[in-house]
Amino acid sequence: MIVDSSTRQKPTEVAVFGGGCFWCTEAVYSSLLGVLSVKSGYCGGSVSHPSYEDVCTGRTGHIEVVRIVFDPSIISYRTLVEIFFATHDPTTPGRQGNDVGPQYQSVIFWQLPEQREVATEVLNEVDGSYVYSDPVCTELIHGDTFWPAEAVHDQYFARHPGQGYCRVVIAPKMAKFRQKFADNLKD
């Protein structure tokens, strides 16, 4: 049997990160080479099929996350984790800036044992580097059910760059990110 290699799909991996508001996190990862898709959603809670309104109460136990499908031959999981730690404050439990509540916890939902190892290494490097004056509080949790967020959240920053939160919070974060990780960007 002859297999046409042009029709074979490249192997992909999944990464799931919670770094505060998923609009910010999605904007960062959507712009990276090797990232095939990014979807906002929720992990870690006690309610099936939670809504944004449910999660915003802080009572469901869910955390706002992004689910990233990536090509590890183009971008490594380690690079994704390094970018995760460089683009949010991993020292503030249940908060990112003015976004306060358990749904904004810094967390990595590792999918494979190898991902847990890499995430632990990078977390320890960041914590040991004293880049932050407070200790890193990012949780490493085995992959949990991912519940997709409502479609209104998809590519929010790209679709609403003039919206207040996007202008004041996401745009400056993206400018800093683009400068620091220019070699990893799609455009």
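Since every read-out is calculated from the coordinates, none of them should be taken as a lab result. For clarity, every value in this text was computed on a predicted model and none was experimentally measured. Neighbour counts are summed over all protein chains in view; Cβ atoms, including those assigned to glycine, are modelled from backbone coordinates with ideal geometry.
Of the residues A151, A86, A171, the one that moves most in a GNM of the chain with alpha-carbon contacts below 10 Å is A151. On full extension, the segment bounded by A158 and D71 gains 29.1 nm, given 0.36 nm per residue less the C-alpha separation.
Bridgeable aspartates and glutamates around K10 (alpha carbons under 18 Å apart, same-chain partners fewer than 8 residues away excluded): D71. When peptides 107-115, 94-102 are ranked by their average number of other Cβ atoms within 10 Å per residue, the highest-first order is 107-115, 94-102. Residues in segment 20-38 near a label at E125, defined as backbone nitrogen under 20 Å from the 7 Å Cα→Cβ point? What the label zone holds, given the 20 Å backbone N cut-off, is 29, 32-35. Measure nothing fancy, just the Cα-based angle from helix 77-86's long axis to the longest principal axis of the chain, in degrees from 0 to 90, nearest 10. Orientation of helix 77-86: about 20 degrees from the principal axis. With the convex hull of the Cα atoms taken as the outline of segment 1-131, the averaged projected area works out to 10.0 nm². The label-point distance for D187 and T57, in a model that sets each label 7 Å from Cα toward Cβ, rounds to 4.1 nm. Taking the C-alpha atoms only, the angle from helix 171-180 to the longest principal axis of the chain is near 50 degrees.
Restricting to segment 11-184, compute how many DSSP beta bridges are antiparallel as a %, nearest 5.
Of all bridge pairs located within segment 11-184, approximately 85 percent are antiparallel.
Among residues other than E121 with Cβ under 13 Å from its Cβ, the summed charge is -3 (Lys and Arg +1, Asp and Glu -1). The slack between Y132 and A151, meaning 0.36 nm per residue of separation minus the straight C-alpha distance, is 3.4 nm.
Net charge in the neighbourhood of F177 (other residues with Cβ under 15 Å of its Cβ; Lys, Arg +1, Asp, Glu -1) is 0. Each Cα pair under 8 Å and six or more residues apart adds its separation to the average, and for segment 11-184 the resulting relative contact order is 30 percent. For segment 147-158, 3J(HN,Hα) computed residue by residue from phi via the Karplus equation (6.51, -1.76, 1.60; θ = phi - 60°) reads 9, x, 6, 4, 4, 4, 8, 5, 6, 4, 5, 4 Hz, glycine and proline entered as x.
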